1. Taking θ = phi - 60°, what integer Hz values does the Karplus form 6.51 cos²θ - 1.76 cosθ + 1.60 yield along segment 86-93, in sequence order, with x for Gly and Pro?
2. Net charge within 14 Å of residue 142 by Cβ-Cβ distance, Lys/Arg positive one each and Asp/Glu negative one each, not counting residue 142 itself?
3. So what's the net charge close to residue 40: Lys and Arg +1, Asp and Glu -1, counting the other residues with Cβ under 15 Å from its Cβ?
4. Counting Lys +1, Arg +1, Asp -1, Glu -1, what net charge surrounds residue 119 among other residues with beta carbon under 13 Å of its beta carbon?
5. I'm a student and want to see the number: the projected area of the Cα convex hull of segment 46-119, averaged over all directions, in nm².
6. Would you please give the residues with an amide H less than 5 Å from that of residue 40, counting only those at least 5 places away or on a separate chain, with H modeled from the backbone geometry?
7. Per DSSP H run of at least 4 residues, take -39500 (n - 2.57); add these up for the chain, divide by its residues and hand me the 222 nm value, nearest 500 deg cm²/dmol.
8. As I understand it, the value is the acute angle between the Cα axis of helix 54-63 and the longest principal axis of the Cα atoms of the chain; what does it come to in degrees, rounded to 10?
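The values are calculated or read from the model by the stated rules, or taken from the named source; none is laboratory data. Remember, it's a predicted structure, so these values are computed and weren't measured experimentally. Every residue, glycine among them, receives a Cβ derived from its backbone with ideal geometry; neighbour counts consider all protein chains shown. Side chains are part of the model used for accessible areas, which takes the heavy atoms of the whole protein and leaves out ligands, DNA and RNA. Shrake-Rupley method; radii C 1.70, N 1.55, O 1.52, S 1.80 Å.
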Amino acid sequence: MSVTLKSEIKKLIYVHLVIWLLLVAKMCVGHLRLLSHDQVAMPYQWEYPYLLSIVPSLLGLLSFPRNNISYLVLSMISMGLFSIAPLIYGSMEMFPAAQQLYRHGKAYRFLFGFSAVSVMYLVLILAVQVHAWQLYYSKKLLDSWFTSTQEKKRK
């Protein structure tokens, strides 16, 4: 069971890494002005703290080789702080722009011709799902490790 759960969590971490790298690339292009602002908008405020979301994933990966419960717990706690919290803030930050777009059809930020708020909401929804599954599988893995640790102590 532990091997299967580790495999699932690793897959989710790799998907998270792709999302994270895309956000880093978008932020770099926006700040370094490699493309015009008509092509790539400046980053939203929630994207900056979300950059720290790589920390929980790294802690999760570090917990796997020796079944380190402490690292896995730290990973789960920091995922709430560095991953889920910025995504919740991001959904609230972008809501007025989304409301403006869908009520009046006006968008002020763009990503390669698409409304930035629409694209970023899609990224946000994907990231929430990835992190939610990561937390779910991490909890199951933690329970599995805890059960096996308790059985070893009884013997």
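1. x, 5, 5, 4, x, 5, 6, 5
2. Working: positive: 6, 139, 140; negative: 8, 143.
Spelling it out: positives minus negatives among the neighbours equals +1.
3. Values: positive: 26, 33, 109; negative: 38, 47.
Summing Lys/Arg as +1 and Asp/Glu as -1 gives +1.
4. On the way: positive: 26, 109; negative: 47.
Summing Lys/Arg as +1 and Asp/Glu as -1 gives +1.
5. 5.8
6. 112
7. On the way: 6 runs with 115 residues, N = 155.
Rounded to the nearest 500, the figure is -25500 deg cm²/dmol.
8. 20
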